[in-house]
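The values are calculated or read from the model by the stated rules, or taken from the named source; none is laboratory data. Predicted, not measured: the structure shown is a model, and the values here were computed from it. Glycine gets a Cβ as well: all are built from the backbone with ideal geometry, and neighbour counts include every protein chain shown.
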Amino acid sequence: MSDESTPDGHDLRGGPRRETDATAGPAQDGPRQGPPEGTGAGGAAPGDELTGRQRLAAGLWPPRLGRNQLVAALLLFVLGLGLAIQVRSTSEDSALRGARQEDLVRILNELDDRTERLEAERDRLEEQRSDLENSSDQAEEARRQTRERERQLGVLAGTVGAEGPGIIMRISAPADVVKADQLLDAIQELRAAGAEAVQINDVRVVADTYFTSAEGGVRIDGRKVAPPYRFEVIGRPQDLEPALNIPGGVVQSLQGDQATVTIERSEEVVVDALRSAQRPDYAQSSSR
């Protein structure tokens with residue numbers, strides 16, 4: 001017998017009529033049934049708009065992105081990346097923006113000098129390569145370049161003497177006025193300006209030289225040195241002297257401590273203090 005319902009919403013069996021809504025769950029007393037034929041997922045008609053819960057239950061979520069949405073997302077990503085790069089560049093430049101004019105000039109001059117030295121080194125290496133390629137006796141040319149390289153390394157290591165253009169700086173002050181860190185600052189400024197050989201009084205200054213305080217003077221590599229301090233420096237004089245005389249630099253700092261500083265350019269500076277070659281304890285020359 002077919003189900004019939006009364007107008008007041010009760011079926012013929014006396015109970016209230018059960019509504020069948022698309023969002024209602026399955027009946028507790030019967031097996032789960034799929035949507036009737038001709039309807040969409042969740043019981044809605046194909047033309048009806050599905051809710052988010054229905055789309056999730058039907059496996060239609062997340063929705064597919066259209067071409068315009070993908071293009072917009074890509075543009076937003078590129079825009080965010082550009083903003084991040086701009087912020088990072090701004091933060092890196094903030095230190096230079098807050099620097100004094102004389103500091104900026106000094107940094108620019110140091111960069112120019114470093115560029116010139118690198119270009120000169122490149123030209124020298126290219127000339128050596130050309131000599132090797134064009135020499136009739138390449139073995140003899142290679143030996144000559146090896147001896148020249150050995151001499152250059154000896155100058156840097158302080159095991160051989162050197163002479164050439166440069167400056168002579170004298171620092172006169174009472175005992176304990178000039179500190180070890182001030183002498184170290186002077187050496188660093190000279191190295192940055194291209195100094196190739198340095199001697200303080202009778203002590204050769206090399207890459208591993210260290211300065212410590214001592215009563216009545218300073219100790220350089222453990223040797224006590226008393227004022228006046230005489231710097232003999234080989235390098236380009238027009239680069240060395242300005243590096244020491246920059247505003248707020250080494251010379252002004254020493255003069256502020258009542259020290260007397262004189263700098264003299266010379267075309268013939270002799271650095272004759274030597275250091276003994278040290279044998280490495282562990283390193284050995286490679287046969288490869």
Filter the stretch 143-172 for residues that are out of contact with any strand residue (DSSP E or B) (no Cβ under 7 Å at 6 or more places or on another chain) and in contact (Cβ under 8 Å) with a residue 12 or more places away in the chain; the one that is farthest from Val251 (Cα to Cα) is Gln145
In the stretch 162-185, residues that are more than 21 Å from Glu268 (Cα to Cα) and either surrounded by fewer than 18 Cβ atoms within 10 Å (Cβ to Cβ) or among the aliphatic types (A, V, I, L, M) (or both) total 13
When the stretch 256-269 is checked residue by residue, the ones that are more than 37 Å from the chain's Cα centre (by Cα), surrounded by fewer than 15 Cβ atoms within 10 Å (Cβ to Cβ) and more than 22 Å from Val177 (Cβ to Cβ) are Glu267, Glu268
The residue from Ala214, Ala139, Ala193, Ala175 that alone is over 22 Å from Ala243 (Cβ atoms) and in contact with a Gly (Cβ under 9 Å, 6 or more places away or on another chain) is Ala175
Considering the stretch 133-155, residues that are surrounded by 13 or more Cβ atoms within 10 Å (Cβ to Cβ) and over 28 Å from Ala273 (Cα atoms), and then whichever is modelled with the highest pLDDT, we arrive at Ala142
